[in-house]
Every structure is written in C-alpha cells, then in structure tokens.
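Just so it is clear, none of the values below were taken in a lab; they were calculated from the coordinates. Bear in mind that the values here come from a model prediction, so they are computed numbers and not experimental data. Every residue, glycine among them, receives a Cβ derived from its backbone with ideal geometry; neighbour counts consider all protein chains shown.
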Amino acid sequence: MGNIIVMDELLSNKIAAGEVVERPASVVKELVENAIDAGSTSIEISLDEAGLTKIQVTDNGKGMDTDDAMQAFSRHATSKIKTEHDLFRIRSLGFRGEALASIASVSKISLWTSDGENVGTKVELEGGRILSSSPASIRRGTDITVNQLFYNTPARLKYLKTIQTELGHSIDLINRLAISFPNIAFKLSNNNQLILQTSGRGDLRQVLASIYGVSNVKKMVPFESESADFHISGFATLPEITRASKNYITILVNGRWVKHYGLNNAIVDAYHTLLPIGRFPIVVLNIETDPMLTDVNVHPAKHQVRLSKEQELMELVRKTVRTVIHRIQQPPEIKEKL
Ligand code: ADP
Ligand code: MG
C-alpha cells in the first residue's frame, strides 16, 4: 500500500487560497469581479477595519438560483467557461472557478442571492463548510459578506500590514475597477465612511475626476488609434502633471486591469525627455483586441497578461501617446502648422 493520497477538497482549497487570497484587497477583487461578470450596474463595497473583520459586496446583477448558490463554493465551479475552446476566448473577468472556494476556506461567509424569478437563497459557510442554507427574501442580485478573513490561518493574518496599508490596496483596486467600468456605479466605504462613489453614467473623465481631482483631469488629453490587431484609446496627462510612481498608469486589456511592464515603459517612453527623472504621468490606456491574442491564465490572481504581437502594440502606444503629448506641447504658431 503506497503513501500517496489525493487530498480532500477543503485542504486543497486552503492551499489554493494561498495564491488567490493574499490580503483583504484580493477578496474585494474577486467579489467585485464576480459582481461585474453578473452584469451589475451598481456595486457597493462596504468594509470594516479595511476588510479584516468584514468585506461586504452588494450587487444588482443576475444573481443565482438555489442550486447555483450551493454549487458556487465548490472548487472549479464556474458558469463562465465550459470547454477548452472558451478558455481562449475569455470575455469575463473570472473563469477559473476557484475564488469563492478559496475565500470560503479561510473565512466565514454569508451569501444572500436571488435571480429575481425564484425565491432567494441564503447560505452560511465557515472554513469552506456549508453550515446552513434557507430561502431568503432579497431583490434580484447578490449580497455576500466575508467575515473574519484568515481566522483559521494565523500565519497569513500575522503578515498583513497596517489597516491603513490594507485599506490603500482596496482603494487602489476599486479606483482601477471604476476606471475600467465607467458604466457601473461603484460605492466604497470603510467603517461606514464613504471613500469613493461613481455615478455609473459612463463618463470616464468624470470617474477620473473623482479619483485624481478635477484640476489634474483638466490636464489630461484623450488619444485614440489602431493598428491591424489593436484598438487603443485613453487619457494621458500633459508633462506638467507628474507623480512619483508608475502606480497612476492604468492598463486595461479588453476591460481587464493588468500589470504590464513593457506597456508601462512604452507609455513613459512616449514622453521621452519631457518628464523629470523619477516622475511619471497619470494615464489610462484601454486596449481592445481579439481575446485569442491574449492569455490571462498566467497566475491565479489574473494580474498579468501575455500578449501576442506585443511589439506591434508597444510601438502603437508609444507613437500615439507621443503624438498627442507633443502636439499639445508645441507653442500655438507651430501647432497650427501640424
Ligand atoms: P469564477 O468567477 O472563476 O467563475 P468564482 O469562484 O469566483 O469563479 O465564482 C463561481 C461562480 O459563482 C461564478 O461562475 C458565478 O456563476 C457564481 N457567482 C459568484 N458570484 C456571483 C455574483 N455576484 N452574482 C452572480 N453569480 C455569481
Ligand atoms: Mg470569480
């Protein structure tokens, strides 16, 4: 008799949680992305102690019926992809079917959901185990509360930073999601204090103004361009507005906020010598392309993306941003000749 056994699901979920659930902001990310995938037009995020004690996300999306509400916390349970074919054409933010199982394994959850047709459902879980489920009265949508994150993984709890740092991560995340989805009304609060609220009216400039301030956004210029494989658009600050880090650059690929070193550099390069050393612009870069040319299945947190034809894209970005920045930089008499 050998020594090898297949580990049970609760244990493997807890191991997977180590990758997906690093801190409160990672939970916020997964829950809000689920709300977005559910077609919500309004998403409210309410934290207590930066999410350490409570993370509640309420949406008005399509909700779940009772079967799905019970199934959603199983590992690899997803409604978003069904075949390998789908994996290479992903349009949703989620697809791994791992987040809820992972989060549930390291917290206490209460889920209220309704698809608006059948009676709603309430499910309570602790450490990944379903404690109870019952019919519940709720309007169409989902309300999920994650309590006492990492209550059963003390080492992870110990490595969290100060409340202020953890809150900063969640604020940054919601800022980026609000920028990615100007059509969705976001509301973020911590300990009942409102931090960010967007209207959901689809005006990206307005979203940027509520995040970066009206005066900075007045100094942002729009750009748009395309090549054979990519369509890009966005806003970039004139060189007089700078920041001490690249964190004010937001790159979206087909609506997903990603971190991409090469594209960051292409943007900064576009300013050439116009920026002081160590200073960076505020930029939103929106890239639309065939999902076949992208691969987000690099890491479970889906922060990275691999792109085919990366060189073509970086060149397009550099050229487009450079052109608008330099055109506006010219004194008026030269500008007229351009
Ligand atoms: P994934 O998002 O990768 O599919 P998750 O574990 O995050 O995996 O979620 C599992 C499933 O639960 C989703 O595929 C979706 O069907 C359902 N679900 C989760 N959150 C919501 C929500 N807010 N509204 C509607 N359905 C949801
Ligand atoms: Mg998900």
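Assuming charge only on the beta carbon of Lys and Arg (+1) and of Asp and Glu (-1), the dipole of segment 9-197 about its Cα centre is about 300 debye to the nearest 20.
For the chain, averaging the sequence separation of C-alpha pairs within contact (under 8 Å, six or more residues apart) and dividing by the residue count gives a relative contact order of 15 percent. When DSSP beta bridges are restricted to pairs lying wholly in the chain, around 80% turn out antiparallel. Calculate the length of the line joining the C-alpha centroid of segment 1-63 to that of segment 129-191, in whole Å. Each part reduced to its Cα centre gives a spacing of 8 Å. Paramagnetic label reach from residue 11 (point 7 Å along Cα→Cβ; backbone nitrogen cut-off under 17 Å): within segment 96-119, residues 105-106. Restricting the trypsin sites (Lys or Arg not before Pro) of segment 117-152 to loop positions (DSSP other than H, G, I, E, B) with no more than 14 neighbouring Cβ atoms within 10 Å leaves 139. Computed from the alpha carbon positions, the gyration tensor of segment 9-197 leads to an equivalent ellipsoid with semi-axes of 22, 20, 18 Å, biggest first. What you get for the chain, charging only the Cβ of Lys and Arg (+1) and of Asp and Glu (-1), is a dipole of about 960 debye around the Cα centre.
Straightening the chain between residue 134 and residue 301 buys 57.0 nm, computed as 0.36 nm per residue apart minus the Cα-Cα spacing.
Look at the dipole of segment 196-338 built from charges on Cβ: of 255, 200, 323, the Cα furthest out on the positive end belongs to 200.
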